[in-house]
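Worksheet for the structure shown next.
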Amino acid sequence: MATVSKRMKHLGEIAGKIGVVDLPAAVTSLKGMESKLPKGVKPCKFDQTVTISIRLGVDPRQADQIVRGSIVFPHGIGKSKRVLVFAQGDNVKIAQDAGAEFVGGKELADKIKEGWVDFDVAIATPDMMGVVGPLGRVLGPRGLMPSPRAGTVTADVAAAVKEYRAGKVEFRVDDGGNVHCVVGKMSFGEQQLIENVEAFLKYIRSLKPATSKGQYIRNIVIVGSMTPAVYVTAV
């Protein structure tokens with residue numbers, strides 16, 4: 001623990017000198033931060049996840065200012081999600097061929113009711129919502145409940161499975177007006193991370209509520225799992 005604290009102390013000092021920079025400089029700084037650690041302070045041993053956090057000029061208490069969506073990044077996120085599909089008939093084989101790890105109906109629902117949630121995303125065809133609906137109390141709090149708005153209740157099973165297998169991610173503004181989203185791994189090339197972040201920012205701008213007043217994007221940071229945040233110019 002002392003070693004981790006020492007590492008974070010030094011990284012905090014390094015990050016504090018960076019200031020607020022444009023996106024390419026922010027990515028370069030984040031990826032190069034650990035290379036500036038003093039001799040004897042070991043860098044992180046695993047491939048860190050890189051996340052973007054954006055403070056928005058919205059009031060999440062207003063239903064028409066809730067910013068949410070899902071996105072497939074140009075370079076993925078460095079992780080393939082375990083996909084479960086509620087389907088029947090021909091859609092069972094379609095989901096399996098698309099790469100879903102788990103496909104079924106009532107038997108899967110019963111297993112989930114018993115506490116099994118060993119998957120990252122649940123997709124359902126519209127005709128299976130009678131089976132899926134009662135699972136809201138289990139899946140809802142975990143963010144796993146299929147919904148039409150998120151694209152996880154769909155008749156196009158193959159497309160949905162392939163998107164989530166490729167790393168499609170969902171996000172929703174929190175009570176403080178902040179949006180958080182994974183954008184890749186520290187092992188990604190700089191241009192890959194830049195293009196993923198640019199894609200996310202473009203999408204966020206497209207979701208600006210008509211009732212949002214003043215500056216919409218107020219603060220942007222990118223951060224690794226084990227690094228301090230780097231502030232990005234909000235433009």
Legend entry - Net lengthening on full extension, SER147/TRP116 (0.36 nm per residue, minus Cα-Cα): 9.2 nm
Legend entry - Order of exposure, largest accessible area first, which applies to ASP22, ASP175, ASP110 with probe 1.4 Å: ASP175, ASP22, ASP110
Inset, instruction - Would you please classify the overall shape of segment 140-205 from the alpha carbon gyration tensor, given that a ≥ b ≥ c denote the square roots of the eigenvalues, rounded means a/c under 1.5, and beyond that prolate means a/b larger than b/c while oblate covers the rest? - result: oblate
Inset, instruction - Two decimals is fine: what is log10 I(q)/I(0) at q = 0.17, 0.24 Å⁻¹ for segment 1-52, from a Debye sum with one equal scatterer on every Cα and no solvent? - result: -0.56, -1.04
Inset, instruction - For ARG55, ARG137, ARG7, write out the residues from largest to smallest accessible area, computed with a 1.4 angstrom probe and no ligands counted. - result: ARG137, ARG55, ARG7
Inset, instruction - Tell me which label goes with the value of semi-axes √(5λ) of the Cα gyration tensor in Å computed from the coordinates here: (1) 43, 18, 15; (2) 36, 22, 16; (3) 39, 17, 15. - result: (2)
Legend entry - Accessible area (Å², per residue) of the chain, counting only protein heavy atoms and a probe of 1.4 Å: 51
Legend entry - Inter-site label distance for ARG61 and SER225 at 7 Å from Cα along Cβ, in nm: 3.7
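On average, how much area does the Cα convex hull of segment 1-119 cover when viewed from any direction, in nm²? If you can, show how the numbers build up before the last one.
Numbers: hull surface 53.1 nm².
So the mean shadow area of the Cα hull is 13.3 nm².
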Legend entry - Rg/Rg_ref, segment 83-166, where Rg_ref = 2.2 N^0.38 Å and atoms are Cα: 0.95
Inset, instruction - Give the relative contact order (percent, whole number) for the chain; include only Cα pairs under 8 Å separated by 6+ residues. - result: 37
Inset, instruction - Please state the charge dipole magnitude for segment 83-166, taken about the Cα centre, from unit charges on C-beta atoms (+1 on K and R, -1 on D and E), reported in debye and rounded to the nearest 20. - result: 240
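Give the calculated FRET efficiency between SER80 and GLU107 to the nearest 0.05, with a Förster radius of 35 Å applied to their Cβ-Cβ distance. Please report the intermediate quantities before stating the final value.
Working: r = 24 Å, r/R0 = 0.69.
So, using R0 = 35 Å, E works out to roughly 0.90.
Mean separation of Cα pairs under 8 Å and 6+ residues apart, divided by the residue count of segment 83-166: what relative contact order is that in percent?
Numbers: 121 pairs, mean separation 31.2, N = 84.
After rounding, I find 37 percent.
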Legend entry - the chain: angle of helix 190-206 to the longest principal axis, Cα-based, in degrees nearest 10: 60
Legend entry - Fully extended contour minus Cα-Cα distance, from LYS42 to ALA166, at 0.36 nm per residue: 41.4 nm
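Residue separation times 0.36 nm, minus the C-alpha to C-alpha distance between ARG218 and GLN191: what's the value? Provide the component values of the computation, followed by the final result.
Values: separation 27, 0.36 × 27 = 9.72 nm, distance 2.40 nm.
This chain segment gains 7.3 nm when fully extended.
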Legend entry - segment 60-102: C-alpha gyration tensor shape, a/c 1.5 cut-off, then a/b vs b/c: oblate
Legend entry - Distance violations [Cα-Cα > 22 Å] among LYS111/LYS168; LYS9/LYS36; LYS42/LYS168; LYS36/LYS185; LYS168/LYS202: LYS111/LYS168; LYS42/LYS168
Legend entry - Within the accessible area of segment 1-136 (1.4 Å probe), percent carbon and sulfur: 54
Inset, instruction - Return one number: the angle in degrees, 0 to 90 and rounded to the nearest 10, between the long axis of the Cα atoms of helix 2-16 and the longest principal axis of the Cα atoms of the chain. - result: 70
Inset, instruction - Could you state how much accessible area LEU56 has, in square angstrom rounded to the nearest 10, with a 1.4 Å probe and all protein chains kept in place? - result: 10
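The values are calculated or read from the model by the stated rules, or taken from the named source; none is laboratory data. All of these numbers come straight from a predicted model, not from anything done at the bench. Glycine also receives a Cβ, built like all others from the backbone with ideal geometry; neighbour counts cover every protein chain displayed. Remember, those area values only see protein heavy atoms, side chains included, never the ligands or the DNA or RNA. Shrake-Rupley method; radii C 1.70, N 1.55, O 1.52, S 1.80 Å.
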